[in-house]
Amino acid sequence: MSQFPAPSRPAPLLCERFTALLSSETARGNDPELNRMALLRSQADLTALGGTHVDYLELVIHRYFAS
């Protein structure tokens, strides 16, 4: 699939680290551009997210789950 796959990590650990980083940056007075994270387990999860996202995300998700 990918030339540089990230190592597997438990979802709760990723969410915990992301939340800690977001809190830290906000406490410093920064307004992080990436302020939400979602872990997708299927193409249907993307539809369930709603809202706006980058225009190429659907293509990436389709390619990942089609393998």
For the Cα atoms of the chain, what angle does the longest principal axis make with the long axis of helix 11-27, in degrees from 0 to 90, nearest 10?
40 degrees
Computed over the chain: longest principal axis from alpha-carbon atoms vs helix 57-66 long axis, angle to nearest 10 degrees, is 50 degrees
Options (1) 17, 12, 10; (2) 20, 12, 11; (3) 25, 16, 12 are given for semi-axes √(5λ) of the Cα gyration tensor in Å, and the computed one is (3)
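Relative to the Cα centre, what is the charge dipole magnitude of the chain, using +1 at the beta carbon of each Lys and Arg, -1 at the beta carbon of each Asp and Glu, and rounding to the nearest 20 debye?
Details: 6 positive and 7 negative charges, 52 e Å.
With Lys and Arg at +1 and Asp and Glu at -1, about 240 debye.
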Quick one: with all protein chains in place, what share of the accessible area of the chain is carbon or sulfur, to the nearest percent (1.4 Å probe)?
56 percent
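Could you provide, to the nearest whole Å², the per residue accessible area of the chain with probe 1.4 Å? Before the final figure, lay out the partial values.
Details: 6040 Å² over 67 residues.
Accessible area per residue, the chain: 90 Å².
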Taking only Cα atoms and a 10 Å spring cutoff, compute GNM fluctuations for the chain and point out the largest among Arg28, Arg36, Arg17.
Arg28
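The values are calculated or read from the model by the stated rules, or taken from the named source; none is laboratory data. Not measured: the values here are computed from a predicted model. Don't worry about glycine lacking a Cβ; one is built from the backbone with ideal geometry, like all the others, and counts go over all protein chains shown. Only protein heavy atoms, including side chains, enter the accessible area calculation; ligands, DNA and RNA are left aside. Shrake-Rupley method; radii C 1.70, N 1.55, O 1.52, S 1.80 Å.
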